[in-house]
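A quick write-up on the structure given underneath.
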Amino acid sequence: MKSNRSLVVFPAFLVAVAYLLISPVSARAQFGGGTQIVFDPQMFARQFQQLQQETATVTNLTQQLQYMVQNTTGGGAGVWQSNQGLLTNLGNLINEQEGLSYSFQGLTQQFDQLYPGYNATSTAGVQSPEATTETTLNTLNGALASAQTQAQDFQAEQTALQTLELRNQTAIGRLQAIQVGNEIALAQVQQVQMLRQLVMAMMNSQNVAAANQVNGQTQSNLEAEAMFSAPVSAGIPDLLHASPAPLPQQ
């Protein structure tokens, strides 16, 4: 029972101390044997000012914590998506048109068969002029189809840009703004890839067209050389060594 009393007295003592600490500061004056409480307004003013300063400090800390939460809140990523499938399809469009594409694995061997030029030592495996012309036209057609497919993707690109603009306007913190900037950078790299693919398709078609023209001129030259170097047929008399016909008698 003694220990329980001590436990009850100790909290009561703490409450009394706390009451003295928070109770208004006052001075006691004794007049004529009595005690009178004297109110000190300056002490209350200093305490009120200190309370205002502490309240302002807590408010600033709360605002700083809110800023930290906002600056570390994500959610501005995920707009950019890879277009590897589209880029691969753009290269295969020329193959689908039965042209000669830069994406074809046996490009070098196929080019040599189509356009042998003067280096052809044998006609085995060399395609006919009709086949080379048809392949050239198919290549040009495939390049146009590749450019058309890129143009059809403009609407999807515009939608992605509008989404990025909306997230840029509604970013609530530094992290979200940085993520939107990263998404825009990825979209720019993607556009550079699309431009490179378009340049490759244009170079592909120009080279094939030029090769077809050079190869056609080369084949014409070879045919002309073969014609002039061919031996004279046995049935045709040699006019240079033939005896002159006798003159008619009068």
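FYI, it's all coordinate maths here, none of it is from the lab. Keep in mind that what you see is a predicted model, and the values were worked out from it rather than measured. We place every Cβ from the backbone using ideal geometry, glycine too, and count neighbours over all the protein chains shown.
Between Q66 and T170, what is 0.36 nm times their sequence separation minus the Cα-Cα distance? Round to one decimal in nm.
So the chain would gain 35.7 nm between Q66 and T170.
Cα convex hull of the stretch 84-228: how many Å³ per residue?
Dividing the Cα hull volume of the stretch 84-228 by its residues yields 103 Å³.
Kindly rank 178-186, 214-222 from highest to lowest mean number of other beta carbons found within 10 Å of each residue.
Those peptides, ordered most packed to least, come out 178-186, 214-222.
Would you calculate the separation in nanometres between label points at Q213 and T73, each defined as 7 Å from the Cα along the Cα-to-beta-carbon direction?
Label-label distance for Q213 and T73, simple model: 6.3 nm.
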